[in-house]
1. So residue 63 passes all but one of these: (1) exposed (fewer than 15 other Cβ atoms within 10 Å of the Cβ); (2) of a type in the set (A, V, I, L, M, F, W, C); (3) closer than 17 Å to residue 17 by Cβ. Which condition number does it fail?
2. With respect to the numbered conditions (1) at pLDDT 90 or above; (2) open to solvent by 50 Å² or more (accessible area, probe 1.4 Å), which one is the sole condition not fulfilled by residue 6?
3. With the requirement that a residue be open to solvent by 30 Å² or more (accessible area, probe 1.4 Å), under 19 Å from residue 199 (Cα atoms) and at pLDDT below 90, what does the range 113-138 give you?
4. Within the range 143-152, count every residue that is under 19 Å from residue 186 (Cα atoms) and open to solvent by less than 70 Å² (accessible area, probe 1.4 Å).
5. Residue under question is residue 109, and the condition is that it be modelled with pLDDT of 80 or more and closer than 16 Å to residue 193 by Cα; does it hold?
6. Considering only strands (runs of 3 or more DSSP E) fully contained in the range 152-199, which possess at least 3 residues that are under 28 Å from the mean Cα position of the chain (by Cα)?
Amino acid sequence: MSKSVTTSQRESPLSLEQHIARSLKQRRISQGYKISDVARIAGVSVGMVSKVENAHVSTSLDILSRLCDAIGLSVSKLFSDYDVAKRGAQLIKAGEGMEVVRTGTEVGHSYHLLSYAQGPHKLYEPFLVTMDDASEEFPNFCHPGHEFLYLLEGELIYRHGTRLYPMSPGDSLSFDGGVPHGPEKLLQVPIRLLSIVHYIENDEAY
């Protein structure tokens, strides 16, 4: 019988000492060094290297710098990696995307935003778009950035500018969002498609 993983069972973020320990040990092993080799090159005891690698001690910057030099790892890289590792991921469970109002909402299109924790500047917006019997065609969307579509279910003809593209499940389409676009004809509903809008510098999401 499978067990569900509770919040307390999930891996917690590494402390700074744990991050340093893991990074130094992984680097040492990748370089083919033994603990005694690093101790000799850095001029510290084998016991100190072992304690640092097992997060049993908070070492001074001087010793940390010597250990890093011994294995060819810069201190700045060590700490920048720690900052990157602290950045969280956002998990959106099935059916839990944030329902939002966009231009197509008024013609019966449903939008669920699948990522919305990107900080003050949006780099991209992924939507799960749903259209059913009550939805209308609307080939006049226009927005900044580039858009990528992946059809999950249903069939439709999609317009981009003056071109028409028939789409079936598994088909994808990418284009400049500044050119008028949208569903020209809904052939088989319900329709579910993944829409990812990627914004470039100086674009404004809306």
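1. (1)
2. (1) is the only condition that residue 6 fails.
3. Across the range 113-138, the qualifying residues are 114, 116, 117, 118, 119, 120, 121, 122, 123, 124.
4. Result for the range 143-152: 2.
5. Taking the combined requirement at face value, the residue satisfies it.
6. Numbers: elements: 163-167, 172-176, 181-198.
By residue number, 172-176, 181-198.
Matching residues to (1) over 30 Å from residue 135 (Cα atoms); (2) modelled with pLDDT of 80 or more:
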position: 33; (1), (2): yes, yes
position: 39; (1), (2): yes, yes
position: 44; (1), (2): yes, yes
position: 53; (1), (2): yes, yes
position: 57; (1), (2): yes, yes
position: 67; (1), (2): yes, yes
position: 87; (1), (2): yes, no
position: 100; (1), (2): no, yes
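The values are calculated or read from the model by the stated rules, or taken from the named source; none is laboratory data. Remember, it's a predicted structure, so these values are computed and weren't measured experimentally. Note that each Cβ is placed from the backbone with ideal geometry, even for glycine, and that neighbours are counted across all protein chains shown. Only protein heavy atoms, including side chains, enter the accessible area calculation; ligands, DNA and RNA are left aside. Shrake-Rupley method; radii C 1.70, N 1.55, O 1.52, S 1.80 Å.
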